[in-house]
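All remarks here apply to the structure that follows.
The values are calculated or read from the model by the stated rules, or taken from the named source; none is laboratory data. Not measured: the values here are computed from a predicted model. Using ideal geometry, Cβ is built from the backbone for each residue, glycine included, and neighbour counts are taken over all protein chains shown. All accessible areas refer to the heavy atoms of the entire protein, side chains included, with ligands and DNA or RNA removed. Shrake-Rupley method; radii C 1.70, N 1.55, O 1.52, S 1.80 Å.
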Amino acid sequence: MDNGKCGERAARSFRFASVAGFLLCLAVCGVVAGGQGLTGRWAASGKTMENGEVQKAILELKQTGSELTGNITALGFGTDVKGTATGDHFELFGVGWNDPKPFLVGDLVNGELHGKQWGDTFLAKPATAADEIPKLPYIEPPALHKVPNNGLAKTPPMGWNSWNLFAEKVDDQTVRTMADAMVSSGMKDAGYIYVNIDDTWEGVRDAQGVLATNHKFPDMKALADYVHSKGLKLGIYSSPGPRTCGSYPASYGHEEQDAKMFAAWGIDYLKYDWCSAGSIYKNEQLQPVYQKMGDALQATGRPMIYSLCEYGMGAVEKWGPEVGGNVWRTTGDIRDEWASMMDNVEKQVPTAPYAGPGHWNDPDMLEVGNGHMTDDEYRTHMGLWSLVASPLLAGNDIRTMSATTKSILLNKEVIAVNQDSLGKQASPVKNGDLETWAKPMADGSVAVGVVNLGSAPAKATITAGDLHLGAVTKARDLWSHKDVKFSGGSYSDTVPSHGILMLRVWAH
Ligand code: GLA
């Protein structure tokens with residue numbers, strides 16, 4: 001379990017690095033001149049970030065034969081790495097990260113490490129004292145107490161978030177045009193209300209501790225006013241550590257100041273991402289650290305959804321509501337791939353008892369429409385996220401989405417499953433290649449999804465008994481939008497590979 005948590009943390013750090021397009025890799029290159037191998041302490045300086053700061057990292061490597069071990073520290077981050085060296089060539093992976101591909105690949109060239117980190121060029125040189133990244137003073141987190149419920153998110157929050165598709169390429173204009181598209185596409189009318197800016201909006205903190213926006217967001221208050229004028233709400237992002245996952249300045253030691261500023265801007269939703277807090281606090285301190293911002297948000301008097309982003313660490317589902325949390329991540333980052341999507345939803349199984357009005361498990365944002373899954377897989381993604389009562393935060397370009405993507409995100413009968421007022425999270429009722437999930441609904445009906453995990457179409461059968469129902473009075477296919485007949489207490493249909501059969505079933 002602990003290893004798993006560490007793994008998630010490492011994964012996070014790496015993801016951030018890749019995202020920021022940065023320096024970890026640089027460090028990696030630590031191959032020592034003179035053929036002594038990669039053992040050593042390497043300083044990498046990466047690209048210039050949106051706020052004008054240059055990304056920096058220190059990579060400590062030990063080479064034993066062709067095996068590499070070590071760690072990397074970047075602006076408050078720390079994570080273990082491992083890899084291989086063959087001659088002057090090396091490859092590095094994040095420890096505990098489930099990625100079969102190295103995040104950093106390079107060669108020793110004239111005593112420097114040259115290579116690519118997730119496509120970005122990197123360069124690292126032997127580190128000197130001047131390269132060391134200063135450690136910040138430790139701030140003791142507060143004693144535990146219960147943060148009062150903010151009364152928000154009676155049903156899972158719905159909206160859009162910039163990260164999955166745009167990453168650092170999000171700016172004021174993108175957000176404004178996305179807000180326009182949320183209205184014109186019908187997303188707003190279907191319930192998608194929050195327009196959430198993820199990482200990379202941050203500038204630098206001044207001597208008074210005020211965190212500015214960077215050049216991409218010239219006036220956050222004006223942007224919030226614009227989004228509000230469309231009948232939508234605006235979300236923002238920070239971290240309890242000194243740096244965000246993209247290595248931008250975050251809220252460590254400035255929680256109240258930042259919360260007040262978010263409220264003054266008119267922010268309605270905060271995603272608070274653990275990231276570099278992991279280099280200061282232990283996992284056992286997640287609760288008080290998250291409580292600190294929960295209190296700060298409440299003290300502003302402005303209702304803001306509080307979204308905890310801690311990748312499922314620390315049994316968050318057990319204490320999320322205590323810190324004022326409305327949603328909390330139960331997994332590492334989703335990727336636009338079938339295996340990643342299914343892995344995230346399978347991890348929801350033990351968390352089911354903890355979902356309910358005001359507080360929801362979050363298997364991460366939607367990838368529907370981002371191009372790397374089939375339409376059947378995206379239907380399954382949307383169907384499962386609705387069944388497990390996850391927040392529905394679209395992560396695609398709403399301005400240009402295809403008719404099929406639109407039909408998936410705007411399927412009102414599926415959305416109704418997600419937004420049901422009872423707030424129950426679906427659990428599997430049958431495993432195997434035809435995995436069946438059932439969600440009790442407020443009106444006594446049951447929403448059910450059968451996912452075909454196999455590689456060929458298969459015949460799925462749903463029985464009233466599977467759903468613990470008596471005589472079925474009505475059944476409706478939520479993707480074909482047609483009533484269907486249960487005969488002899490069951491219903492069968494063919495489900496394409498990686499597709500979903502989704503019904504809502506009423507009974508006496
Ligand atoms: C982490 C989060 C992502 C995203 C990025 C931004 O990886 O889990 O959802 O917010 O950070 O850097």
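Brief remarks on what is shown
- Residue in segment 59-75 that is nearest to A129 (Cα to Cα), counting only those that are touching a residue at least 60 places away in the same chain (Cβ under 8 Å) and buried (at least 23 other Cβ atoms within 10 Å of the Cβ): L59
- Test: residue in segment 262-277 that is modelled with pLDDT under 95 and open to solvent by 40 Å² or more (accessible area, probe 1.4 Å): no
- Residue within segment 241-250 that is more than 16 Å from the ligand (Cβ to nearest atom) and either surrounded by 22 or more Cβ atoms within 10 Å (Cβ to Cβ) or in contact (Cβ under 8 Å) with a residue 12 or more places away in the chain (or both) present: no
- Those residues of segment 253-289 which are closer than 16 Å to R329 by Cα and not small (G, A, S), in sequence order: Y269, L270, K271, Y272, D273, W274, C275, N283, L286, Q287, V289
- Meets criteria (modelled with pLDDT of 70 or more and away from the ligand (no atom under 16 Å from the Cβ)) for T79: no
- Where helices (runs of 4 or more DSSP H) fall entirely within segment 336-427, those with at least 2 residues that are open to solvent by less than 40 Å² (accessible area, probe 1.4 Å), without any contact (Cβ under 8 Å) to a residue 60 or more places away in the chain and of a type in the set (A, V, I, L, M) are at 338-346.
- Count - residues of segment 183-213 that are open to solvent by less than 10 Å² (accessible area, probe 1.4 Å), farther than 23 Å from R399 by Cβ and assigned to a loop (DSSP other than H, G, I, E, B): 1
- Failed criterion for N214 (all others in (1) at positive phi; (2) within 16 Å of the ligand (Cβ to nearest atom); (3) of a type outside the set (D, E) hold): (1)
- Matching residues in segment 428-443 - criterion: being open to solvent by 50 Å² or more (accessible area, probe 1.4 Å) and closer than 16 Å to L469 by Cα: V429, K430, P440, A442, D443
- Some residue of segment 344-366 being touching a Leu at 6+ places or on another chain (Cβ under 8 Å) and under 18 Å from T404 (Cα atoms): yes
- Condition check for V327: within 13 Å of the ligand (Cβ to nearest atom), closer than 21 Å to E256 by Cα and touching a residue at least 40 places away in the same chain (Cβ under 8 Å): yes
- Residue list for segment 82-109, filter: open to solvent by 60 Å² or more (accessible area, probe 1.4 Å) and β-branched (V, I, T): T84, T86
- Test: residue in segment 218-236 that is surrounded by fewer than 20 Cβ atoms within 10 Å (Cβ to Cβ), closer than 24 Å to C275 by Cβ and within 16 Å of the ligand (Cβ to nearest atom): no
- Counting only strands (runs of 3 or more DSSP E) wholly contained in segment 105-166, the ones carrying 3 or more residues that are modelled with pLDDT of 95 or more and within 16 Å of the ligand (Cβ to nearest atom) occupy 158-161.
- Top-ranked residue of segment 301-324 - restricted to ones that are touching a helix residue (DSSP H, G or I) at 6+ places or on another chain (Cβ under 8 Å) and either open to solvent by 40 Å² or more (accessible area, probe 1.4 Å) or of a type in the set (D, E, K, R) (or both), ranked as farthest from the ligand (Cβ to nearest atom): G301
- Positions within segment 285-297 being open to solvent by 20 Å² or more (accessible area, probe 1.4 Å) and either in contact with a strand residue (DSSP E or B) (Cβ under 7 Å, 6 or more places away or on another chain) or farther than 15 Å from G312 by Cβ (or both), in sequence order: Q285, K292, D295
- Here P156 meets each of (1) out of contact with any Ser or Thr (no Cβ under 7 Å at 6 or more places or on another chain); (2) within 23 Å of N418 (Cα to Cα); (3) open to solvent by less than 20 Å² (accessible area, probe 1.4 Å) with one exception, condition (1).
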